[in-house]
1. Rounded, prolate or oblate: which one fits the range 284-329, using the alpha carbon gyration tensor with axes a ≥ b ≥ c (rounded when a/c is under 1.5, else prolate when a/b beats b/c, else oblate)?
2. With each pseudo-label sitting 7 Å past Cα toward Cβ, what's the S143-Q238 distance in nm, one decimal?
3. Taking 0.36 nm per residue of separation and subtracting the Cα-Cα distance, what length does fully extending N321 through Q263 add?
4. Run through all the Cα pairs of the range 244-375 and give the fraction in each 10 Å bin from 0, expressed as whole percent.
5. For M333 and R212 in the same chain, what is the full-extension length gain: residue separation times 0.36 nm, less their Cα-Cα distance, in nm?
6. Can you work out the FRET efficiency for the pair E363 and R99, with r the C-beta to C-beta distance and R0 = 41 Å, to the nearest 0.05?
7. Where nothing but the Cβ of Lys and Arg (+1) and of Asp and Glu (-1) is charged, how large is the charge dipole of the range 175-327 around its Cα centre, in debye to the nearest 20?
8. List the residues whose amide H sits under 5 Å from the amide H of R268, counting only those 5 or more places along or on another chain, with H placed 1.01 Å from N in the peptide plane.
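The values are calculated or read from the model by the stated rules, or taken from the named source; none is laboratory data. Only a predicted model underlies this, so the values are computations on that prediction, with no experimental measurement involved. FYI the Cβ positions are ideal-geometry reconstructions off the backbone, even for glycines, and counts take in every protein chain you see. With ligands, DNA and RNA removed, areas are computed over all heavy atoms of the protein, side chains included. Shrake-Rupley method; radii C 1.70, N 1.55, O 1.52, S 1.80 Å.
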Amino acid sequence: MTGSASTETVAAVQHQRRRLRHVRRWLVVALVCVAMLGLLGLTAVRRDAASLLQPESLLELLTWFGSVLVVVVALVGVYSVMVDFVFWEGWMHGLPDPRQLFASEREGSGQHRHYVVYLDGIHQSEESHPPRVSEFLDCLQESITDDTMLVKGIEAYTITNVGLRTTTFAGWFWQRLFALQEHHPNDLVRFICAFCVQANNVIKVGISSDRRYGPVMNYELALKIARRLDSIGFMPHQASRIVLVGYSGGGEMAIGIAEILQQLCRVRVQVITVCGVFSGNGALESINDVAMVLGSRDPVAALGRIAYPGRLPLLPLSNWNCWQRHHSLQRYMIEGMSHNGSSGPFSTAFRSSVVEAICKELELSALRPPLRIPR
């Protein structure tokens, strides 16, 4: 029996070796074919290189590249819209019941009374913030009062409390995209990958400002923030207010969700935009406190005001203009500050000025009479 088993083992090993030899042969043949095709392609590229430099060929190439970008943006836009409604319809375990929020009236001493929630701009792709933003938030944390909690790490451009890398259904796509963006040797490929991330977030900002589809996404984001506050011990009967600080496109997200979050959390909600780009379409009827921190050399925020005509005085019946007729808008202008980079609000040159403006607004708004919210 032992000899028979040994013979069978040897035969199996030999059979496996023969299979490996066949695989190696086919692999060599495939590599040779690929090399031949590569040489043929290189020859064709050399032959056509001169023609590609002609104005007509360059125009055709640019047209093709622009068409690809349009298709990519369209696909990203469809994804951005559909994923919100897929979640809304219950395909991703449905929306949590807001009645379960803050269900237990926990008592405790030394609880925070003010909650500052930071919403990042369209560059955000995951829960963690870039180094400059993290340093800015650390500076803000040191400057606010002891009874104020700074809530950071909110991903404003996904429907669940995770970054794009770990989103349901499409996480594999974003992981591959980020890998190409970070490690691909071709600058054009890295640019396209980064452009897709920016396009997704820009489209989210556009959806938030839309009066038809915006309420769905704004409710989902407000519910996500409310759940985050519930997880860190927020209690409506002890809290005084929630302050949404939105940078760039995060300003639109803050204004879009302010009234919904106020109803969910049953406390006063305040909005502070930093270099904010927002439409003014958001429902602000029950929001009393809105402040803007602006840079005198910020072209992006200025362009946003033109891109969204609802903020222009030409449309007096827009939500934004109606709100301004009954409320006082606080503006904090910082001379020389731009939208981002070395002269942006997170730079060492202007970081302290932005933090000072936010803290000043927090102090002033605390003196205003509180708004009664139905319990």
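1. Oblate is the answer for the range 284-329, as a/c is 1.5 or above yet b/c matches or exceeds a/b.
2. That separation, rounded to one decimal, is 2.8 nm.
3. Numbers: separation 58, 0.36 × 58 = 20.88 nm, distance 2.27 nm.
Result: 18.6 nm gained on full extension.
4. Calculated over all Cα pairs of the range 244-375, the distribution is 13, 43, 34, 10, 0 percent.
5. The M333-R212 span can extend by a further 40.2 nm.
6. Given R0 = 41 Å and the Cβ-Cβ separation, E is 0.75.
7. In debye, rounded to 20, the range 175-327 gives about 140.
8. Counting only residues 5 or more places away or on other chains, the set is I242.
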